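Quick notes on the structure that follows.
The values are calculated or read from the model by the stated rules, or taken from the named source; none is laboratory data. Keep in mind that this is a model prediction, so the values were computed, not measured. Heads up, the Cβs are rebuilt from the backbone with ideal geometry, glycines too, and the neighbour counts pull from every protein chain shown. Accessible surface is based on the protein model in full, side chains and every heavy atom, while ligands, DNA and RNA are left aside. Shrake-Rupley method; radii C 1.70, N 1.55, O 1.52, S 1.80 Å.
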Amino acid sequence: MALIELAQISRHFSLGDSTVHALREISLTIDAGEYVAVSGPSGSGKSTLLNLLGLLDRADAGRYRLDGRDTTGLTPDEAAAMRSRHIGFVFQAFHHVPRLTAAENIAQPLVLAGIETSERKRRVARALADFGLADRAAHRPNQLSGGQRQRVAIARATVMQPQVLLADEPTGNLDRHTGQEVTQLLETLNAQGVTLIVVTHDPTMAERARRQIRMEDGAILSDNGAPA
Ligand code: ADP
Ligand code: MG
């Protein structure tokens, strides 16, 4: 079933009197459960595309249906609610709240969604255990290794059990070995049914995905696995 349907999506940015066409009439369908790698040169629109998919940004033109629902006319509050229910986001730079502990960072989406305290504690404890962080619950981000920080980020991104996990260069700040561990973790989540969309400039990471999309200059240059 189509989980994500983009039709003729465009996004431009105006800087002074010049205009950057970050996305040029992108059409794309992604089914539930897919594992998709998006690669392409720096500036080709990968992050812009991911931000749109994650409802962090909106298109200037075109239509985006998520789980059968048109997102075009959503108010910011509606978009936030839909994001909270459907989407987890992992960034290259982790995006933790520095003053919060690992457990508190993981709990954030549950707090925002109004999940009550006992259920919240239960889910955070399980996430800490699942991601090998049980003995790091009270540590702050600057007291964690890069791999541990990214595991906290993935735990936070998945604690609401999203259908879609969007990862923008998730291994970009990690050494090779730690990057492979994080990749395997993301792939395990995909094997459990989460739709995984990873932006990467690392060809070996891109090759692991069942479907590879290449972008250039705001457009899709190739796509080896569009659903039938
Ligand atoms: P990628 O992730 O593939 O490196 P981006 O999606 O970040 O590329 O950027 C695509 C193009 O849009 C680039 O030319 C970039 O400079 C421009 N761009 C992205 N975000 C903004 C913004 N907020 N304001 C102005 N230009 C932007
Ligand atoms: Mg980018």
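Surface analysis of the chain yields an accessible area of 49 Å² per residue, using protein heavy atoms and a 1.4 Å probe.
Would you mind getting me the FRET efficiency between A32 and T117? Use the beta-carbon distance for r and R0 = 41 Å, nearest 0.05. Please report the intermediate quantities before stating the final value.
On the way: r = 32 Å, r/R0 = 0.77.
Efficiency at R0 = 41 Å is approximately 0.85.
Any idea what angle helix 146-158 forms with the longest principal axis of the chain, computed on alpha-carbon atoms, 0 to 90 degrees, nearest 10? Relative to the chain, helix 146-158 is tipped by roughly 70 degrees. The label point for F13 and the one for D67, both projected 7 Å from the Cα toward the Cβ, are 2.9 nm apart. Seen against the Cα atoms of the chain and their longest principal axis, helix 102-112 is set at about 60 degrees.
Suppose R0 equals 35 Å; then what is the FRET efficiency for E5 and R99 from their Cβ-Cβ distance, rounded to the nearest 0.05? Write out the running numbers ahead of the final one.
Details: r = 40 Å, r/R0 = 1.13.
It comes to 0.35.
Using only Cα atoms, find the angle between the long axis of helix 117-130 and the longest principal axis of the chain, and express it within 0 to 90 degrees, rounded to the nearest 10. For helix 117-130, the angle is close to 80 degrees. Taking a point 7 Å from the Cα of R126 along the Cα-to-Cβ direction, the residues of the stretch 185-199 with backbone N closer than 16 Å to it are 189, 192-194. Surface composition of the chain: carbon and sulfur make up 49 percent of the accessible area, probe 1.4 Å. Extending 7 Å from the Cα toward the beta-carbon at both A138 and A81 defines two label points whose distance is 3.9 nm.
When DSSP beta bridges are restricted to pairs lying wholly in the chain, around 55% turn out antiparallel. Maximal additional length on extending the D175-S145 stretch stands at 9.7 nm, based on 0.36 nm per residue less the C-alpha distance.
Ratio of Rg to Rh for the chain: 0.96 [Cα atoms; Kirkwood radius as inverse mean 1/r over pairs].
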